[in-house]
Amino acid sequence: MLRDILSITGKPGLYKLVNRGNNMLIVESLLDGKRTPTYARDKIVSLGEISMYTMGEDIALSEVLTKLGEKEGLKETTIDPKKADNDELRNFFGEVLPDFDRDRVYPSDIRKLIQWYNILVNAGITDFTVDEEGEEISLEEKKIETKKPAPQAQVKTQKAAASSVRTGVGAKKG
């Protein structure tokens, strides 16, 4: 489910991938339901591709959201990320993921994670798994896939034909 949920730099909230257009993706805001196009110049990140730093192996965001959902009962968080100070955020997140790397996970990251969790829960999305079924295409490949490559083979054959015509004309004597 998280593969189709996107974060777009410069735009608030989270977005659901609806469709692909020509050189763009059509996304729907989870906050207000409005559909908008996003283009190749926009920095788009799928939540299924994000992980969090821990003292051991990094943990996928889907696992962190699942643990947060277990702690909060799949309801909005009890802590307000905008009003909480840095120590409150770290203590709260320590209850969810005790071995998170306190040096590399900043309070701003925890705020964003809590905001994303609340947006997902309010939108009715409580399945935080990453879809592994079917054909997997990363967002970068989706962007590249929509661009049409130039027909280089056709250009080469035209050049080859033009040079053979010149050679044939110059070879005739008569």
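A short reminder: the numbers here are calculations on the coordinates, not readings from a lab. Treat the numbers as computed from the prediction; the structure is a model and nothing was measured. All Cβ positions, even for glycine, are placed from backbone atoms using ideal geometry, and neighbour counts span all protein chains on display.
Observations on the model:
- Mean separation of Cα contacts under 8 Å (6+ apart) over length of segment 51-111, as relative contact order %: 41
- Per-residue HN-Hα couplings for segment 25-33 [Karplus 6.51, -1.76, 1.60; θ = phi - 60°; Hz; x = Gly/Pro]: 10, 9, 10, 10, 5, 7, 7, 10, x
- Under a 5 Å amide H cut-off, with hydrogens placed 1.01 Å from N, ARG20 pairs with ILE26 among residues at least 5 apart or on other chains.
- Shown here for segment 1-99: GluC sites (Glu not before Pro) in loop regions (DSSP other than H, G, I, E, B) with at most 16 other Cβ atoms within 10 Å, namely GLU57, GLU76.
- Once C-alpha pairs closer than 8 Å and six or more residues apart are averaged by separation and normalised to the residue number of segment 1-144, the relative contact order reads 27 percent.
- When the listed pairs LYS11/LYS83; LYS83/LYS112; LYS43/LYS75; LYS71/LYS112; LYS16/LYS83 are checked against a 24 Å cut-off, the alpha-carbon distance exceeds it for LYS43/LYS75; LYS16/LYS83.
- Label-point separation, VAL130 to TYR39 (7 Å along Cα→Cβ), nm: 3.0
- Size estimate for segment 51-129 follows the Kirkwood approach: the inverse of mean 1/r over distinct Cα pairs works out to 12.5 Å.
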